[in-house]
Amino acid sequence: MALTTINPAMPAWVERRIGDDLRDISERVSAGERLSFEEGVQLYRHPNLNAVGYLANMVRERKQGNKAYYVRNQHINYTNICNKFCKFCSFYAKKGGPDPYTLSLEEVRARLLAHKDVPITEVHMVGGINPRLPYQYYLDLLKTVKSVRPGVHVKAFTAVELVEIQRVAGKPMDEVLSELMAAGLDSLPGGGIEVMSDRVHAELFDRKINSREWMEVARAAARAGLTMYATMLYGHIETDEERVDHLVKLRELQDETGHFVTFTPLSFHPEGTEIEDIPHPTGYDDLRNLVVARLMLDNFDHIKSFWIMNSPEITQISLWYGADDVDGTVHEYEITYQDGEQGNKRQVLTQRQMEAIIREAGREPVERDSLYHPVKKVIEKEHLFMPLPVIQPVDSGQTTQQIGL
Ligand code: SF4
């Protein structure tokens with residue numbers, strides 16, 4: 001039986017591929033209407049990823065055309081000492097895992113200077129919850145970045161870190177945010193909640209803040225005038241319903257505050273975690289999460305495929321499955337290790353590599369700043385990286401528990 005045309009711009013072969021079971025959703029996406037919780041679950045479970053991906057690509061191109069954004073950034077993970085012991089985390093110092101460290105301000109300065117020849121526009125800084133760090137450390141951390149790179153945008157501290165910073169500051173959150181902003185904080189990276197589900201919270205990260213507390217921090221950030229980014233860690237024990245519920249909660253919060261710019265689904269890396277028997281999400285699942293996010297989060301301008309978590313290869317494909325951003329050059333990243341290799345923190349794509357993978361995927365690369373303003377394009381010559389300063393682990397060989405946190 002011939003299908004009724006649901007979108008004049010949609011070729012007949014696409015309508016056939018989309019099929020009757022996606023007809024309602026397809027019509028609503030074409031009309032720019034908001035999808036329901038039930039439709040979100042349907043999108044996660046629909047067997048034809050290409051059909052769902054086609055709809056996500058329609059929205060992606062409606063919002064961002066052929067552009068694919070990247071940023072020249074540097075990540076700094078200032079401490080891996082953490083007293084939250086999240087079961088999904090391989091980053092924090094523990095027996096059989098990474099040695100504990102906390103970067104001194106001089107070491108932060110050295111890391112920044114190691115890439116001083118690269119015109120980085122953003123420094124992304126997050127770490128563990130190290131209760132030995134005083135409030136002044138966080139203020140000085142921000143001031144150090146701004147002193148080495150005066151014009152850079154500093155995206156730092158997840159909500160769980162901010163709750164800790166508030167604890168050591170002993171002041172209201174609004175006041176703490178205002179002082180951090182005066183010291184150099186420009187935006188918040190999201191993270192710190194993983195999936196907004198009380199069940200997952202109880203099973204995987206019960207020492208960390210819950211959804212309600214995370215939302216309170218997000219609202220405080222909006223009141224302070226801070227831009228924020230949002231994430232979801234998927235591929236561990238969460239259900240499709242919990243994924244969709246997380247997206248709907250973010251969508252409602254964005255309706256209220258309007259301060260989120262980008263959503264990034266983060267692919268779980270089980271290596272070195274307490275739940276490493278859970279298999280790594282497949283490329284199929286990585287694409288599925290981008291696609292559903294693009295279709296559900298109608299009030300988010302950007303969906304990011306973080307190439308470190310998703311691999312450059314999946315990220316290329318993702319540019320046709322809802323994603324319009326690939327994150328950045330990164331340089332060093334310690335939350336997950338390249339190929340699961342502990343201690344290998346050098347994870348970098350140069351600007352040329354970034355542009356090449358985007359062009360090969362058939363998209364137009366656009367260097368952006370943290371707020372998606374295009375950066376005047378100057379293709380740098382391939383720089384040689386200075387050797388990274390060696391960071392001495394503190395209390396080497398001890399676990400976080402042994403050093404009494
Ligand atoms: S995810 Fe964050 S809060 Fe949890 S253990 Fe790892 S570093 Fe600590």
Name the single residue that is nearest to D324 (Cα to Cα) among those in the stretch 30-66 being out of contact with any Asp or Glu (no Cβ under 9 Å at 6 or more places or on another chain) and of a type in the set (S, T, Y). Y54
Of those in the stretch 78-114 that are of a type outside the set (G, A, S) and in contact with a His (Cβ under 9 Å, 6 or more places away or on another chain), the residue farthest from the ligand (Cβ to nearest atom) is R111
Name every residue in the stretch 115-132 that is surrounded by fewer than 20 Cβ atoms within 10 Å (Cβ to Cβ) and either within 13 Å of the ligand (Cβ to nearest atom) or free of Cβ contacts under 8 Å to residues at least 24 places away in the same chain (or both), in order of residue number. P131
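Test K67 against the stated conditions and say whether it is of a type in the set (K, R), surrounded by 18 or more Cβ atoms within 10 Å (Cβ to Cβ) and within 16 Å of the ligand (Cβ to nearest atom). Give the steps one after another, and end with the answer.
Values: of a type in the set (K, R): yes; surrounded by 18 or more Cβ atoms within 10 Å (Cβ to Cβ): yes; within 16 Å of the ligand (Cβ to nearest atom): no.
So K67 does not fit the description; no.
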Scan the stretch 142-170 for residues that are away from the ligand (no atom under 16 Å from the Cβ) and part of a helix (DSSP H, G or I) and report the count. 8
Can you tell me how many residues within the stretch 206-224 are within 16 Å of the ligand (Cβ to nearest atom) and among the hydrophobic types (A, V, I, L, M, F, W, C)? 3
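On the given criteria, is T227 modelled with pLDDT of 95 or more, under 20 Å from F306 (Cβ atoms), within 16 Å of the ligand (Cβ to nearest atom) and polar (S, T, N, Q)? Full working, then the answer.
On the way: modelled with pLDDT of 95 or more: yes; under 20 Å from F306 (Cβ atoms): yes; within 16 Å of the ligand (Cβ to nearest atom): no; polar (S, T, N, Q): yes.
No, not satisfied.
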With the first residue restricted to the stretch 171-195 and required to be within 16 Å of the ligand (Cβ to nearest atom), and the second required to be in a helix (DSSP H, G or I), Cβ contacts under 6 Å at 6 or more apart or on different chains are L188/A221; G192/A159; G192/V160; I193/W214; V195/E242; V195/H246
In the stretch 322-336, which residue that is in contact with a Lys or Arg (Cβ under 7 Å, 6 or more places away or on another chain) and at pLDDT below 85 is farthest from K116 (Cα to Cα)? E334
Would a scan of the stretch 151-171 turn up a residue that is surrounded by fewer than 22 Cβ atoms within 10 Å (Cβ to Cβ) and modelled with pLDDT under 95? yes
Looking at the stretch 206-236 only, could you name the residues that are out of contact with any Lys or Arg (no Cβ under 7 Å at 6 or more places or on another chain), surrounded by fewer than 21 Cβ atoms within 10 Å (Cβ to Cβ) and not in a helix (DSSP H, G or I)? D206, N210, G225, L226, T227, H236
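Within the stretch 196-205, track down each residue that is within 12 Å of the ligand (Cβ to nearest atom) and assigned to a helix (DSSP H, G or I). It would help to see each step written out before you state the result.
Step one: filter the stretch 196-205 for residues within 12 Å of the ligand (Cβ to nearest atom), giving 201, 204-205.
Residues satisfying the conditions are H201, L204.
Out of the stretch 33-54, which residues are charged (D, E, K, R) and surrounded by fewer than 18 Cβ atoms within 10 Å (Cβ to Cβ)?
Across the stretch 33-54, the qualifying residues are E33, R34, E38, R45.
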Is there a residue being in contact with a strand residue (DSSP E or B) (Cβ under 6 Å, 6 or more places away or on another chain), at pLDDT 95 or above and assigned to a loop (DSSP other than H, G, I, E, B) anywhere in the stretch 346-368? yes
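The values are calculated or read from the model by the stated rules, or taken from the named source; none is laboratory data. Predicted, not measured: the structure shown is a model, and the values here were computed from it. Here Cβ is always computed from backbone atoms with ideal geometry, including for glycine, and neighbour counts include all displayed protein chains.
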